[in-house]
Amino acid sequence: MHLLTILAFAFLLWRGEMPASRPIIGNLSPASTLVIVLFQPILLGLAAFAASRRARRLLTSRAVSCHRAQRFHHRVTLLLRVALIGGFGFSVFGTSWPEWFAFESISPPLQIVGDCIVLSPYFAGAIALWLAAYPYEQTIRRMDSSGPDDSSINPPWNLAAYLDFNIRHHLLIVAVPMTLILFAADLIRSYGATLTQWSRWRGAPDVALGVVAAGVFLVAPIMMRRIWRTAPLECGPLRSRLEALCRRKGMRCRDILVWKSDGYMINAAVMGLVAPVRYVLLSDALLANMTPAQIEAVFGHETGHVRHRHIQHFLVFAFVGWLLVTALMELLGQRVSAPGSRPIGSVWTVDGIAIVATALFWGLGFGWLSRRFERQADLFGARCVTPPAHECLLPCSVHIDENTTLDGGDRVCATGAAVFASALDRVASLNGIPREERSWRHSSIASRVRFLASVAGDPQRAIRFENLVRRIKVGIWLAAVAGGLLSAWYWTDLMQRTAQSTQ
Ligand SMILES: [Zn+2]
Ligand SMILES: [Zn+2]
């Protein structure tokens, strides 16, 4: 959902940048535009209600396993979300809907109000999907609470609390920072010519937008901790234990926060690029359902992301992706633009290819990198819960016997790995995730547990894995520096040539 909301805002940014702001399929009458735009959320909502009803029937039917019902609901929801963003994309690029609210002609700062109105069918659709899913979620929650598992901390969730949670977690968390960026983009577009004239540099508007986006990204954690409902973790043995871990591992953060979800969410996260705006979040249900050692392991995993600088490397990776896609577009653009004229069809093709290339780069590349980083954070988490030698009871490559501890840097203690694996298993069982289910950013819990066990038994494997991640990071940096230099040379050369040809 986060990605789709980013995409919805990106549609508006692209639409604003397009030279001829003309819809793809000619001129629709205002009435048809209105029907297309307004009926989407209603239709999606109705489809979602039907799907939710069927999923509930499957859940309560004895003939079908609970997992099949969950899988059905999961897939239909995904499909409806894709339909939501696809439909919204059509409203933005295929109709004159955005032009109805081009308020920048009245006053540039007002354009953001117009943008919010243009976005409103997307928000309405997202809310309709949650409204439809609510009865299904209620049934799942009731079934969880009556199960043999002790996750019966879930009180019944009323509709207002359910919507509040989803709107905050899945919509506002992206919409607030993106609205700030969109606002800046609107102003920069309106005052771009003045900015270029004043700075005597054509790249000034783009750089200004980049600076605003970077600033928003940097301070986002301060907004996020308020958009989500959070509170500092109370003083006590657990907080002292986690603070001791921070000191031991050299991890600096502004605060450790409890992430409030009415007992719905089993999750932990770290946010913030630098210590003054860095927070570690542990959800209420996670704290209520796990042992202190397991919580420490999870906290250690988040610490691993910080100490291994994963966010920074993701940013460099994103920069490499941007360079690659820009280079591809530049190459294709030169091919399709015949001298003098620029056929609109070909420009659309280039844009289409760029979108597919971006999707592939992120879908495949980012997923692959993220799974490696998650494993590295797992190993870090396991090392954080390494017990003293006399408490290590498993055959272990760190604690050879009660008196011999081999501190080989990359080695992992078997007991630490087992504690970490138990935390992973607990997260899976509480979240109702099948152990073998993998996602875009995470390998399956089962494969992460197997990896930990194999690494604990074979120190060489741990060392080889850490070396692999080191090489990946160096590769990303080399690609970024080489690509950056190459594109700087290319654009300077191009600008000089254009300047010569106009003289
Ligand atoms: Zn992680
Ligand atoms: Zn050990």
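Across the range 255-296, what is the total count of residues that are out of contact with any Leu (no Cβ under 7 Å at 6 or more places or on another chain), within 12 Å of ligand 1 (Cβ to nearest atom) and small (G, A, S)?
Residues in the range 255-296 being out of contact with any Leu (no Cβ under 7 Å at 6 or more places or on another chain), within 12 Å of ligand 1 (Cβ to nearest atom) and small (G, A, S): 0 in total.
Quick one: would you say A377 is closer than 30 Å to W14 by Cα and either away from ligand 2 (no atom under 16 Å from the Cβ) or in a helix (DSSP H, G or I) (or both)?
no
Answer yes or no as to whether A423 is farther than 15 Å from L393 by Cα, modelled with pLDDT of 90 or more and either away from ligand 2 (no atom under 16 Å from the Cβ) or outside any loop (DSSP other than H, G, I, E, B) (or both).
Yes; evaluated as a whole, the condition is true for this residue.
Is it the case that V412 is assigned to a loop (DSSP other than H, G, I, E, B), β-branched (V, I, T) and more than 26 Å from the chain's Cα centre (by Cα)?
Here the answer is yes, as V412 does meet what is asked.
Could you identify the single residue in L80, L4, L43, L12 that is closer than 24 Å to I355 by Cα, of a type in the set (A, V, I, L, M, F, W, C), in contact with a Gly (Cβ under 9 Å, 6 or more places away or on another chain) and part of a helix (DSSP H, G or I)?
L80
Considering only the range 299-309, I want to know if a residue exists there that is modelled with pLDDT of 90 or more, small (G, A, S), at negative phi and within 16 Å of ligand 2 (Cβ to nearest atom).
Looking for residues that are modelled with pLDDT of 90 or more, small (G, A, S), at negative phi and within 16 Å of ligand 2 (Cβ to nearest atom), one finds at least one in the range 299-309, hence yes.
Please identify the pairs in which a residue from the range 5-19 that is under 13 Å from P98 (Cα atoms) has its Cβ atom under 7 Å from the Cβ atom of a residue that is of a type in the set (K, R), counting only partners at least 6 apart or on another chain.
Close Cβ pairs (under 7 Å, with a partner that is of a type in the set (K, R)) amount to G16/R189.
Residue-wise test of (1) more than 16 Å from ligand 1 (Cβ to nearest atom); (2) surrounded by fewer than 16 Cβ atoms within 10 Å (Cβ to Cβ).
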| residue | (1), (2) |
| --- | --- |
| F373 | no, no |
| L379 | no, no |
| C413 | yes, no |
| G432 | yes, no |
| S439 | no, yes |
| S444 | no, no |
| S454 | yes, yes |
| G457 | yes, no |
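Return yes when I400 is more than 16 Å from ligand 1 (Cβ to nearest atom), without any contact (Cβ under 8 Å) to a residue 60 or more places away in the chain, surrounded by fewer than 18 Cβ atoms within 10 Å (Cβ to Cβ) and under 21 Å from I463 (Cβ atoms) and no when it is not.
yes
Within the range 258-273, count every residue that is in contact with a Lys or Arg (Cβ under 9 Å, 6 or more places away or on another chain) and farther than 25 Å from L163 by Cβ.
2
The values are calculated or read from the model by the stated rules, or taken from the named source; none is laboratory data. Quantities reported herein were computed from a predicted structural model and do not represent experimental measurements. Glycine gets a Cβ as well: all are built from the backbone with ideal geometry, and neighbour counts include every protein chain shown.
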